[in-house]
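In what follows, a structure is listed as structure tokens, so that the remarks can point back to it.
The values are calculated or read from the model by the stated rules, or taken from the named source; none is laboratory data. None of these values were measured; they are calculated from a predicted model. No Cβ is skipped: glycine too gets one built from the backbone with ideal geometry, and neighbour counts run over all protein chains shown.
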Amino acid sequence: MATYYLISVFVHVICAAFWIGGMLFIPLVLVPGIMPQPNRVLLLHKTGIKFRFYGWLAIIILILTGSLNIYFRGLPFTVEFFTTSNFGKLLSIKLALFVLMLLISGIHDF
């Protein structure tokens, strides 16, 4: 069981790094790099469309591995856990930010 947990955490971190890295790459590297190009709008659009698939794939994997990580840690999914323990409160904040990120990404992409 510990091996599955470590694999799940590893995949979770890789997907988070991929998603965040892609989100940072586009405005910090790609946009400044293509500014002198006459077809920059088309290039940026095609890059965004291509990243959309992989970005949402990473988000789906984050949801699956995040759920598995909670399960493997044996954490209770109760209101009491999320409101009384420090870890539960921190996890609540993390999940709220994740839901906000999902909403913003959904509005942006669709």
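Within the range 62-89, take every residue that is of a type in the set (Phe, Trp, Tyr) and in a helix (DSSP H, G or I) and give me the one that is surrounded by the fewest Cβ atoms within 10 Å (Cβ to Cβ).
Selected residue: 87.
Which pairs do you get when a residue that is touching a residue at least 40 places away in the same chain (Cβ under 8 Å) and within 20 Å of residue 43 (Cα to Cα), found in the range 8-28, comes within reach of a residue that is loosely packed, with under 14 Cβ neighbours inside 10 Å and of a type in the set (Phe, Trp, Tyr), reach meaning Cβ atoms under 9 angstrom, with the pair 6+ apart or on two chains?
So the pair list comes out as 19/54.
List the residue pairs whose Cβ atoms are under 9 Å apart, where the first residue sits in the range 51-68 and is touching a residue at least 40 places away in the same chain (Cβ under 8 Å), the second is among the polar types (S, T, N, Q) and surrounded by 17 or more Cβ atoms within 10 Å (Cβ to Cβ), and the two are 6 or more positions apart or on different chains.
65/8; 66/8; 68/8
Is there any pair linking a residue in the range 92-105 that is in the same structural domain as residue 23 (by TED's automatic domain parsing) to one that is in a helix (DSSP H, G or I), with Cβ under 7 Å and at least six apart or on different chains, and which?
Cβ pairs passing all conditions: none.
Hey, could you check the range 3-25 for residues that are closer than 20 Å to residue 57 by Cα and touching a Phe, Trp or Tyr at 6+ places or on another chain (Cβ under 7 Å) and say which is modelled with the highest pLDDT?
Result: 8.
Can you name the condition, by its number, that residue 75 falls short on among (1) over 17 Å from residue 9 (Cα atoms); (2) at pLDDT below 95?
All conditions are met except number (1).
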